[in-house]
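Everything below concerns the one structure shown next.
The values are calculated or read from the model by the stated rules, or taken from the named source; none is laboratory data. Just so it is clear, the model here is predicted, and its values are computed rather than measured. Quick reminder, even Gly has a Cβ in these numbers, built from the backbone with ideal geometry, and neighbours come from all protein chains shown.
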Amino acid sequence: MNHRKHIALASLLLAAWMLPCVPAIAADCKEKLADVDKLSTEVATPEAQQLQLKQLREAAGLLMHNGRNDMCEQLADNMKNMLQEQRDANRSAQEKVQKIERVEGAKQVSEIAGVVRASTLIGSPVRNTKAEELGTIENIAIDANTGAVAYAVMSHGGFLGLGEKLIPVPWSQLRRTSDGEVFVLDIDKKVLDKITGFDKDNWPSKAAADRFWQPAPKQ
């Protein structure tokens with residue numbers, strides 16, 4: 001909470017304490033405060049925010065007790081917004097943890113047993129070990145002599161399909177999550193930003209793709 005919000009909070013508290021007692025109870029504000037109280041039990045908040053909410057709740061209670069329905073409702077709405085924003089932040093943090101745990105459990109594609117259809121691989125997202133989005137598997141290159149996978153073609157960068165570049169990624173560099181939905185490439189996103197991709201009409205050979213990654217691009 002910034003300095004101006006502290007001043008506003010202090011002003012509200014002072015105004016609430018100085019208001020004369022009015023017997024009328026604001027039903028609308030009472031319902032809103034009940035919603036806030038319920039939400040506060042469902043959302044984990046930092047200690048500092050807990051104190052702020054406690055002070056705001058006390059001020060709103062005094063405003064309601066003194067019949068200042070409009071001010072009470074405004075305060076209740078502000079508290080609800082604070083709690084909803086914190087809930088969204090908590091969810092975002094939890095999703096990030098889950099994404100990281102997901103990529104940490106990924107296995108080398110060479111360890112995956114059985115036959116895999118190329119159609120199930122194309123379109124799969126590629127993330128790094130920080131769970132950052134790197135790109136998408138656009139195609140799979142096959143070695144005509146051996147029939148084995150030469151490399152995966154990953155698109156990176158761009159916006160809405162414009163400005164994307166194609167990068168050959170050796171099959172051995174990739175890992176795949178246990179659910180088979182995400183590929184993992186252990187490289188920093190900033191490194192890929194600096195890499196020059198290949199032309200869509202001039203695909204590199206397997207040897208060229210391997211040389212591209214040996215040694216691995218410096219991070």
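Data table
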quantity: Any hit, segment 25-34, residues being exposed (fewer than 11 other Cβ atoms within 10 Å of the Cβ) and modelled with pLDDT under 85; calculated: yes
quantity: Exclusive hit being among the hydroxyl-bearing types (Ser, Thr, Tyr), surrounded by 12 or more Cβ atoms within 10 Å (Cβ to Cβ) and assigned to a loop (DSSP other than H, G, I, E, B), set Thr146, Thr129, Thr136; calculated: Thr129
quantity: Ile112 vs. criteria modelled with pLDDT of 85 or more and of a type in the set (Val, Ile, Thr); calculated: no
quantity: Residue within segment 169-190 that is assigned to a helix (DSSP H, G or I) and loosely packed, with under 12 Cβ neighbours inside 10 Å present; calculated: yes
quantity: Test: residue in segment 105-125 that is hydroxyl-bearing (Ser, Thr, Tyr), under 21 Å from the mean Cα position of the chain (by Cα) and part of a helix (DSSP H, G or I); calculated: no
quantity: Cross-chain or 6+ apart pairs with Cβ under 7 Å, segment 129-157 first and touching a residue at least 24 places away in the same chain (Cβ under 8 Å) and under 12 Å from Pro168 (Cβ atoms), then part of a loop (DSSP other than H, G, I, E, B) and not small (Gly, Ala, Ser); calculated: Ile137/Ile122; Glu138/Ile122; Ala141/Trp203; Ala150/Asp143; His156/Glu164
quantity: Scope segment 125-158; condition over 17 Å from Ala209 (Cβ atoms) and touching a Ser or Thr at 6+ places or on another chain (Cβ under 7 Å); matching residues; calculated: Pro125, Thr136
quantity: Lys99 being surrounded by 13 or more Cβ atoms within 10 Å (Cβ to Cβ), of a type in the set (Lys, Arg) and in contact (Cβ under 8 Å) with a residue 40 or more places away in the chain; calculated: no
